[in-house]
1. Put one equal scatterer on each alpha carbon of segment 1-98, apply the Debye formula with no solvent term, and list log10 I(q)/I(0) at q = 0.12, 0.23, 0.24 1/Å to two decimals.
2. Where in segment 17-95 are there trypsin sites (Lys or Arg not before Pro) that are in a DSSP coil and have at most 12 other Cβ atoms within 10 angstrom of their Cβ?
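Read-outs throughout are calculated quantities, based only on the coordinates presented, and are distinct from any laboratory measurement. Fair warning: this is a prediction, and the values are worked out from it, not measured in the lab. Methodologically, a virtual Cβ is constructed for each residue, glycine included, from the backbone with ideal geometry; neighbour enumeration extends over all protein chains shown.
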Amino acid sequence: MNEKKEILAALKTEFDLWEELLAGMSEEDITAPHLPSNMSVKDVIAHLRAWQQRSIARMEAALRGREPDFPEWPSGLDPEAAGDVDQINAWIYETQREQPWSRVHGDWREGFLRFLELGQAIPESDLLEPGKYAWLDGHPLSLVLVASCEHHYEHHDEEHLEPLIASLRRDGKMDTAAWIASWGRSAAH
């Protein structure tokens, strides 16, 4: 299997993990706060969608041979600067928290599928070549795909899949042990 296929397969697995988790939950559980940060599953998905839009912009730019056209975010804050990330995440929460679950989920789902489609459309050589896109500061485009996969699963800011699963399990909201085992994931927390 080539590297592009492996990366896209990992992303598809992450998408399937989230979809299975979400399908097993009621809307009430999805909109209730579960995390130490008092965020709900809906808030997490809205957060992931906001960052996903930046990744999609990068992939579309690569496919079209142009600079990324990023979505409008708060002026004066740089999403690439670690010091601004907490403020940006707070802004995402404030701008998305009143959105209905159906819209949040639909936007995230549509975006994820678009992201996978873009990844498939870009030739592997273009994905893997370091420095091909000046706006990536010497990194290969594949890093956008890999980082997105990691962002969805890892526990940045205690808001993503692993801590969410631990929280839902702790609250008795679902039998995540069997679900996690079926995907070969560790639930250790």
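1. Debye curve over Cα of segment 1-98, log10 I(q)/I(0) at q = 0.12, 0.23, 0.24 Å⁻¹: -0.53, -1.24, -1.25.
2. Passing both the DSSP loop test and the Cβ count: Arg66.
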